[in-house]
Amino acid sequence: MTTTTGLPAVSLPPYFAYHGQHLLVEGVPLQRLAREHGTPLFVYSKAAMLSALTAYQRGLAGRKHLICYAMKANSSLAILQTLVRAGCGLDIVSGGELERAMAAGAEPSRVIFSGVGKTRTEMRQALKLGIGCFNVESRAELDVLDAVAREMGLRAPVSVRVNPNVDAQTHPYISTGLKGNKFGIAHEDVLDTYRHAAGCAGLRVVGIDCHIGSQITQAAPYLDAMDRVLDLVESIEAAGIAIEHIDFGGGLGIDYQGDAPPQADQLWKQLLAKLDARGFGNRTIMIEPGRSLVGNAGACVTEVLYRKPGEHKNFLIVDAAMNDLPRPALYEAFHRIVPLVQADGDAPSTTWDVVGPVCESGDWIGRDRALAVQAGDLLAVLSAGAYCMSMASNYNTRGRAAEVLVDGDKAWLIRSRESAADQFRLERPLPAV
Ligand code: LLP
């Protein structure tokens, strides 16, 4: 399986580049960070995040809007601080995320609460803080929220999540706007739900929302969803219920493997044209982008532990695993994998399956990758800023990786590596026998 044709040219996300043979994030060589902090190590570019955010801000400039970063994509405090300080609100889905949002300095009124299963405790916690909006996903949830708010002598600001029955044309596990999904309220039941909400003393209708899926690479599903939502706004308002804001969710994809999603500003140019044409151009627009703000800002640096050539497959065993990078195991997702120090152009490359140390065949990070590497070499798994660290686990009692944020030629450790003691801190051993 060894070839001598040299290595294919790699395409790198913005703010990642080879200088000579060394891979840099902004002005910082990744190899230096790996030596300093060990591996596996997540490294993020602040400039990459801010430039992704700027594309949305440019697209929505001149409009009343709020960009609520969907923090499930990456909820590390320093990442939240970076985006909050740059003007983002936050989209949360749990009481834990609410606490993180507050710890990162978010203004509660700029936080919206999504998710199908909010508990009473979470509702109380959010109401007490003065959350901006609850994006409600069922009639049952609406009734519980009404009761909780009345008990507290408050009115909960609500938006109903519409399931527009639009195919986002993405992986089935991350498609959320189809009838068969657990998310949102079916289009045909939305008007009744608003009538009901408008009559609840504990609720105050403020908006409408939808989110059709993730890693969406075309504009068409957004345009279709917008039409469906605007049809509903027309009928809800005809029933005398005012809708202050319209929330179009998140979902815009990134380039993992040559994917070419529209740029955020280009997408919004098209969406605003529709909004204007239908006479809703002056409404407050909310969005909930996650992946598109942070996904291509991050990489996971990992060390090659062993080369294990075989008859059918060559395995490259690295020190990052499915507990750090769960997307390949979960969605067969593709992440580019590149060396931190580029081999000479004529170095022989071999085709490897890049796998982790976890005891599962599902623990793979990349398949059939041409790489010229030795044990001890360092690799970067790219596009790892979203849904990696935030989905990391302790499977096999592996500590979660450390994280570093790069800003120009400076680098900050934003999370220390988790030790085994950190992991069993909350466990209670049995008494001695
Ligand atoms: N709003 C709501 C209500 C959501 O459920 C999500 C993501 C977002 C916004 C943000 O979507 P984004 O802009 O990041 O696409 N773990 C999967 C992705 C799950 C997405 C869940 N919901 C992955 O690694 O691909």
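A short reminder: the numbers here are calculations on the coordinates, not readings from a lab. Note that the structure is a prediction, hence the values are computed from the model and not measured. Backbone-built Cβ (ideal geometry, glycine too); neighbour counts: all protein chains shown.
Here are a few things to note about the model shown:
- Close amide H pairs (under 5 Å, H built 1.01 Å from N) link Leu340 with Leu378, Leu379, Ala380, residues at least 5 positions away or on another chain.
- For the range 115-287, DSSP calls about 5 percent of its internal beta bridges antiparallel.
- Counting Lys and Arg as +1 and Asp and Glu as -1 over every other residue whose Cβ lies under 12 Å from the Cβ of Leu413, the net charge comes to +1.
- Proportion of all alpha-carbon pairs of the chain beyond 27 Å (%): 55
- Partner aspartates and glutamates for Lys313 [C-alpha distance under 12 Å; skip if fewer than 8 residues away on the same chain]: Asp353, Asp368
- Its residue count N fixes a reference of 2.2 N^0.38 Å for the range 175-275, and the Cα radius of gyration divided by that reference is 1.20.
- Descending Cα extents along the principal axes, the range 41-144, whole Å: 42, 38, 20
- With Cα atoms, 0 to 90° folded angle of helix 187-198 axis to the chain main axis: 60
- Stokes-Einstein D for the range 297-373, Kirkwood Rh over Cα pairs, 4 °C, 1.567 mPa s (µm²/s): 101
- Antiparallel %, DSSP beta bridges [both residues in the chain], to 5: 50
- 0 to 90° range, to nearest 10: angle between helix 264-277 axis and the chain longest Cα axis: 20
- Among the listed pairs Lys72/Lys269; Lys64/Lys118; Lys64/Lys269; Lys46/Lys410; Lys64/Lys274; Lys46/Lys72, those whose Cα-Cα separation exceeds 20 Å are Lys72/Lys269; Lys64/Lys118.
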